[in-house]
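The values are calculated or read from the model by the stated rules, or taken from the named source; none is laboratory data. The model shown is predicted, which means the values in this text are computed figures rather than measured ones. Here the Cβ is made from the backbone with ideal geometry for all residues, glycine too, and neighbour counts use every protein chain on show. Only protein heavy atoms, including side chains, enter the accessible area calculation; ligands, DNA and RNA are left aside. Shrake-Rupley method; radii C 1.70, N 1.55, O 1.52, S 1.80 Å.
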Amino acid sequence: MPRTGPRPLPLLAALSAGTLLLTACGSGGTGPAADSASATPVQGGSLTYATDVEPISFDIHVSQQDITGAIQRNVFDSLVHQDAKGEFQPWLATKWEIGPDLKSYTFTLRDGVKFTDGTPFDAEAVKLNFDRIVAKETKSQYAASLLGPYTGTQVVDPHTVKVTFSEPFAPFLQAASTAYLGFYSPKAIKENGAKLGAGGPADVGTGPFVFTAYTKGQSAQFSRNPDYNWAPADAAHQGPAYLDKLTIRFLTEDSVRLGALTSGQVQVAEPIPPASVKTVQGDPKIKLLSTDAPGANYALVLNTSKAPLDDPNVRKAVQRGIDLDTDVKSVYFGVYKRAWSPISPTTPDYDKSLENSWPHDKAAAEKALDAAGWTTRDDAGYRTKNGQRLTLEWPLPPAEFVREQRETLGQAIQADLKKIGIEVTRPRLDIGTYIKNVYGGQEHIADYSWARFDPDVLRLYFNSASQPAKGGQNATFYKDAQLDEWTNTGKTTFDKVVRKDLYTKTQQRAIDLALIVPLYVRTAVVGQSAQVHGLTADPNTWLNFHDAWLGQ
Amino acid sequence: MSASDPTVPALLRGTARRLAGALAVLLGAATVAFAALQLIPGDPVTVMLGPGTAATPEVKAQIRAQYGLDQPVLVQYLHYLGRLATGDLGESYQLQRPVADLIGDQLLPTVQLALAALALALVLAVLAAVATAGRRGPARTAGSLAELLAVSSPSYWIGILLLTAFSFQLRIFPVAGDQDLSALVLPAVTLALPLTGVLAQVLREGLETALGQPFALTARSRGLAPAAVLLRHALRHAAASAVTLTGWLTGSLLGGAVLVESVFGRPGIGALSLQGTTNKDMPLVVGLVLLSALVFVAISTLVDLLYLAIDPRLRSR
């Protein structure tokens, strides 16, 4: 049943940044909750944050990069805010009404919001931005997909807009809470529409920071928006940000980023590689903030359309034959947790009951292979059937797309599967061949993760309509009426109980059918100097600098 | 020099030949770059967007049409040459800005870095070669070892070592960026060290060969001090081969800058090249290839001119 109007704010008024952090905090980190709650925030100061990736395009309506959203979140606000529990709260919209057919959303906009160039934020601005996202000329690589079956925005009055869709579209509120559906000043779009991807002062939003300068290959600079007074209700404070200046430095080399942090040249650095976490923990001047990433875990996606993985027994053997507890622990030094479900524990409707339900079991894996008829062995010790060796091809993507030592984890997996007689080959393909083969269903195994703070990501992975060739992520190529029905229904309802039930069943069935082998839960580890207070990560693991301040 | 001077037409002819040669090099580089990008397997738009894109087929079609990628290859090639002929390098697929502007913005920091590294390398190499030429003993051995180490160490590793010592521990220089001169020191040293190693070895060998020549003996027999023989006569001889090498090494500085700029988080062509290649941003890559070709042509011209300055025998021809 669709709900109308915004949900009440139960606990939210009471939620401080500290408690928010506790819910978002993963293992292996020490949150800065205690000290920031007790001390009085200090106004002013300049903070430098070092990150490892530089955005290709800064245009939130075009870019599909996580880093673009993470950086521009400081400059752009959204209609609604999604809190740590996945509930939607007012932000630039004070309330909203959802049409009974889920085909329309009417938002009442907040009064007195201004873009940093002085232009008022109103219904026209919403319409202009949404229309820009779906316009062909924008060539949106992500935001347009968030608007789904968008048909248009109607300006009801200066403070009311109605967004309509051609079919029921429940994921819209979640999409509207992301930075990708944030709002540029209409003046900026008119004057600099084609240049917004280049970053810098042309990118005018309503957020707590103003994008003042960008030097490609080096840094992006932001200054405080002195008029900011419309943070979501669960922010630690209202009014402008504490920091006068925020500088983001692009330091791709892990050791350099870490050295810059430990030597005090930057105050915040991310990511801290798992191998370095222990070193940083021993440094009294550095605090760590860890947050489990939401969305689909990094996983082996098994192509069920290609023999021998069309046989569920072989897939089962792969799932149970990998000693993930040991592999993940040794490759990631205990910083990342092994995964049990296709989605991570911080994703709403995560099914905890899957934990420990499919532990490593070499005997069970061997039995499954016997049952599948792979009973003989060749000279190299690999299983064979009718003279054919049991070989799975799992191509390596080009080196620049491999992160988090996934190659090392891959080697451990290869070794585990060899023990039960499965040969795994890992040819290194160029990017063109990789996409063509993997997305064309010609390889046995694909591997990826997909960040999204919504269990709808399960539809992306397991719905048969979500074809890789069309921008979907279902590289299992499995067609299952149940999975299709559950994920389709989940997309069209706001009923929490129904959604929980559907997504729990989806997670369990995906594991039961061994469509996927979830590997580890990505944990964003942020290092910060002890003088930084109040810094929190949102459910996307993006840092919120609005509440951050510098002590001493 | 009057108009009737017979050297003037010869000079003009020489210049014209040189210009034609330069154009041929540029056209060749442009064609090879275009061909190389055509040879990347897979759909160019899909490759450009990379794995893990949520772009719909409609968006891909839009991008394909806008950049003319739906045209036959020959048409694309001719369009491309036509645009280049008018000096239009096109617009970057990913950064949504004209390639010429992008390169223009990033050129200065790289030129600064390359020049600083080159100057440093030349000074260090001359000092090392002059100090050790014709000598035996531990100093010479230590010098050779240091050169070998400098030549064989990867520059990003040298960079990280220097950063660890002088930035993270001693805190003399800032970690990265292009704010002021102090931020240029470590990257320049990083880039200069391997260069110094190569140059010093070549210079020393040249010096030692020259010192063994009859003219060196003659000069010494006229009562010239050994140091003066070394600096006034032998160095000039040794310089010829070092200049050729320096020319070639300058061309390679761009490649070195890719790593150094990325390690030190500096802006520049190196960082831009890395981004362009990673994202298969064709217009950007082509623009950068043309820039390298241009630098190569300019340097080889410069090297030829320097020969004239160093070796008077070439001028009389």
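Annotations for the structure displayed:
- Restricted to helices (runs of 4 or more DSSP H) entirely inside region A:394-496, those with at least 1 residues that are within 14 Å of chain B (Cβ to nearest Cβ) are A:406-419, A:431-439, A:457-462.
- Residue in region A:331-350 that is on the phi < 0 side of the Ramachandran plot and surrounded by fewer than 17 Cβ atoms within 10 Å (Cβ to Cβ) present: no
- Flag if A:A339 is farther than 30 Å from A:P294 by Cβ and among the small types (G, A, S): no
- Scanning region A:200-212 for residues that are within 12 Å of chain B (Cβ to nearest Cβ) and either within 18 Å of A:L543 (Cα to Cα) or open to solvent by 10 Å² or more (accessible area, probe 1.4 Å) (or both) yields a single hit, A:A202.
- Of all residues in region A:215-223, none satisfies being open to solvent by less than 10 Å² (accessible area, probe 1.4 Å), at pLDDT 95 or above, touching a strand residue (DSSP E or B) at 6+ places or on another chain (Cβ under 8 Å) and of a type in the set (S, T, Y).
- Per-region count, region B:79-98, residues within 14 Å of another protein chain (Cβ to nearest Cβ) and either open to solvent by less than 50 Å² (accessible area, probe 1.4 Å) or within 21 Å of the chain's Cα centre (by Cα) (or both): 5
- In region A:254-288, the residues that are assigned to a helix (DSSP H, G or I) and under 10 Å from A:S529 (Cα atoms): A:L261, A:T262
- Restricting B:L259, B:L253 to residues that are touching a residue at least 60 places away in the same chain (Cβ under 8 Å), closer than 30 Å to A:E54 by Cβ and open to solvent by 20 Å² or more (accessible area, probe 1.4 Å) narrows the list to B:L259.
- Taken over region A:523-538, the criterion of being in a loop (DSSP other than H, G, I, E, B), surrounded by fewer than 24 Cβ atoms within 10 Å (Cβ to Cβ) and not hydrophobic (A, V, I, L, M, F, W, C) is satisfied by A:Q531, A:D538.
- Residue in region B:253-273 that is at pLDDT below 80 and in contact with an Asp or Glu (Cβ under 9 Å, 6 or more places away or on another chain) present: yes
- Here is the figure for region A:57-103: residues that are of a type in the set (D, E) and in contact with a Leu (Cβ under 6 Å, 6 or more places away or on another chain) total 2.
- Members of region B:152-192 found to be among the β-branched types (V, I, T) and either buried (at least 16 other Cβ atoms within 10 Å of the Cβ) or touching a Leu at 6+ places or on another chain (Cβ under 7 Å) (or both), listed by number: B:I158, B:I160, B:V175, B:V185, B:V189, B:T190
- Single match in A:A307, A:A231 (criterion: surrounded by fewer than 21 Cβ atoms within 10 Å (Cβ to Cβ), part of a loop (DSSP other than H, G, I, E, B) and of a type in the set (A, V, I, L, M, F, W, C)): A:A307
- Residue in region B:130-143 that is assigned to a helix (DSSP H, G or I), farther than 26 Å from B:P109 by Cα and either within 14 Å of chain A (Cβ to nearest Cβ) or of a type in the set (K, R) (or both) present: yes
- Residue in region B:195-214 that is over 16 Å from the mean Cα position of the chain (by Cα), away from chain A (no Cβ under 14 Å) and either among the basic types (K, R) or over 24 Å from B:Y307 (Cα atoms) (or both) present: yes
- Complete set of residues in region A:250-299 that are surrounded by 24 or more Cβ atoms within 10 Å (Cβ to Cβ), under 14 Å from A:V53 (Cα atoms), at pLDDT below 95 and within 14 Å of chain B (Cβ to nearest Cβ): A:F250, A:L251, A:V256, A:R257
- Qualifying residue in region A:436-452 (condition: buried (at least 23 other Cβ atoms within 10 Å of the Cβ), polar (S, T, N, Q) and more than 19 Å from the chain's Cα centre (by Cα)): no
- Screening region A:95-197 for helices (runs of 4 or more DSSP H) wholly inside it with 2 or more residues that are within 13 Å of chain B (Cβ to nearest Cβ) and over 30 Å from A:A241 (Cβ atoms) returns the ranges A:143-146.
- Of the criteria (1) open to solvent by less than 30 Å² (accessible area, probe 1.4 Å); (2) closer than 22 Å to B:L274 by Cβ; (3) at pLDDT 85 or above, which one B:D101 fails: (1)
- Applying the criterion of being in contact (Cβ under 8 Å) with a residue 12 or more places away in the chain and open to solvent by 70 Å² or more (accessible area, probe 1.4 Å) to the residues of region A:361-392, the residue that is nearest to the chain's Cα centre (by Cα) is A:K362.
- In region B:271-317, the qualifying residues are those that are touching a residue at least 60 places away in the same chain (Cβ under 8 Å) and not in a helix (DSSP H, G or I), and the one that is farthest from the other protein chains (Cβ to nearest Cβ) is B:D311.
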